[in-house]
Amino acid sequence: MSINKVLTIAGSDSGGGAGIQADLKTFQELGVYGMSALTAITAQNTLGVQGVYPLSLEAIAQQLDSIGEDLQPDAIKTGMLFSAEIIRCVAQKVRQYGWRKLVIDPVMVAKGGAALLLSEAVESLISELIPLAWVTTPNIPEAELLTGFTIVSLSDRENAARVIHQMGSRYVVLKGGHDTGTTEAVDLLYDGEQFSYLTSRRIDTLHTHGTGCTYSAALAAELSKGRTVQEAAATAKAFIQAAIEDGLELGGGHGPTNHFAYQNRMRGERNGAY
Ligand SMILES: Nc1ncnc2c1ncn2[C@@H]1O[C@H](COP(=O)(O)OP(=O)(O)O)[C@@H](O)[C@H]1O
Ligand SMILES: Cc1ncc(COP(=O)(O)OP(=O)(O)O)c(N)n1
């Protein structure tokens, strides 16, 4: 049996809604073989982030070597990278192993406000990793930090996507989850020439913890199957829409999304048994 393999290089969320836990659940649901290289451990739940413990560069490099020397991934995604040193280490391994289908989710701040990337590391993201990206998937605040723009209008978003493309990312998906006050959640996809828009009904809910991780994991899973970026972005959008709409309502704060929902719907079991 042949199966597509996807690697997540990201942090652990003990609460299971974001980070590698969200990534691996998404990979499984989309029928690909998931692998992980941990960059940091967070003590985290729906109320926030209580602790951040980055791993040593040696531990991170060794995990990447273990995978690179045996289980070549068909696509890779990065999530929480925390420091400039970790970004440099990951970029060096991406180059060493010739990993091309690289999705960069430039995770910076958790929804509760905790820093998941040191502010001085943003420059390394721009100079070391984004030039290696197949797709970069910032949310609006991340795009503002990467570009230095204030993003208000759609044309601000288009300009920011152009700048991130010029940094070296072949494609840019600028996600619209943070564009509150609208009835739609609009993601913008830029391929260096044209803009396209993926639009869905905005769901009024507190339970959006891990949406960005889940979205970028679904994108990487679909790219590993040989889908185009446009096709992969459409599936990722449908996956996250279902996951938010059929929320699990766990915890006392920003709860996780429902990683079962997309496949439940495919089987015609909307809101069915988990
Ligand atoms: N309330 C919502 N309703 C519908 N879609 C949403 C909502 N919030 C986020 N999304 C979608 O979830 C994905 C992640 O977006 P976003 O929340 O901007 O990322 P992040 O989690 O990195 O902050 C995007 O596809 C976005 O359109
Ligand atoms: C370990 C870890 N990685 C990433 C995030 C951020 O996840 P994201 O999908 O951006 O969702 P929010 O946390 O912003 O809801 C995280 N929290 N933890």
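What size of dipole, in debye to the nearest 20, comes out for the chain about its Cα centre when the only charges are +1 on Lys and Arg C-beta atoms and -1 on Asp and Glu C-beta atoms?
460 debye
Annotation for the range 197-266: GluC sites (Glu not before Pro) lying in DSSP loop with at most 13 further Cβ atoms inside 10 Å of their Cβ are 249.
Packing around the peptides 37-48, 114-125, 77-88, taken as the average count of other Cβ atoms within 10 Å per residue, puts them in this order, highest first: 77-88, 37-48, 114-125. Based on C-alpha pairs under 8 angstrom that are at least 6 apart in sequence, the chain has a relative contact order of 18 percent.
Would you calculate a helix-derived [θ] at 222 nm for the chain, using -39,500 (n - 2.57) for each DSSP H run of n ≥ 4 and dividing by the full residue count, to the nearest 500? Display every interim value, and only then the final one.
Numbers: 8 runs with 95 residues, N = 274.
The helix-only estimate for the chain comes to -10500 deg cm²/dmol at 222 nm.
What shape does the chain take by its C-alpha gyration tensor, where a ≥ b ≥ c are the square roots of the eigenvalues and a/c under 1.5 counts as rounded, a/b above b/c as prolate, and the rest as oblate? It comes out rounded by the Cα gyration axes. Summing +1 for each Lys or Arg and -1 for each Asp or Glu among the other residues whose beta-carbon sits under 14 angstrom from that of residue 133 gives +1. Residues considered: 70, 13, 179. Largest GNM mean-square fluctuation over the chain, using C-alpha springs under 10 Å, is found at 70.
Counting Lys and Arg as +1 and Asp and Glu as -1 over every other residue whose Cβ lies under 12 Å from the Cβ of residue 226, the net charge comes to 0.
Using the heavy atoms of the protein chains alone and a 1.4 angstrom probe, what is the accessible area of the chain per residue in square angstrom? Intermediate values should be presented prior to the final figure.
Details: 11590 Å² over 274 residues.
Here the residues of the chain average 42 Å² of exposed surface.
With Cα atoms defining each centre, the range 99-150 and the range 38-69 are spaced 17 Å apart in the structure. Apolar share of the accessible surface for the range 1-112: 51 percent from carbon plus sulfur atoms, 1.4 Å probe.
Net charge within 15 Å of residue 118 by Cβ-Cβ distance, Lys/Arg positive one each and Asp/Glu negative one each, not counting residue 118 itself? Each step should come with its number before you reach the end.
Details: positive: 88; negative: 85, 120, 123, 128, 142.
Result for the neighbourhood of residue 118: -4.
The values are calculated or read from the model by the stated rules, or taken from the named source; none is laboratory data. Because the structure is a prediction, the values reported are computed rather than measured. Cβ sites come from the backbone with ideal geometry, for glycine too, and all protein chains shown count toward neighbours. Heads up: the accessible areas ignore ligands, DNA and RNA and are worked out on the full protein's heavy atoms, side chains in. Shrake-Rupley method; radii C 1.70, N 1.55, O 1.52, S 1.80 Å.
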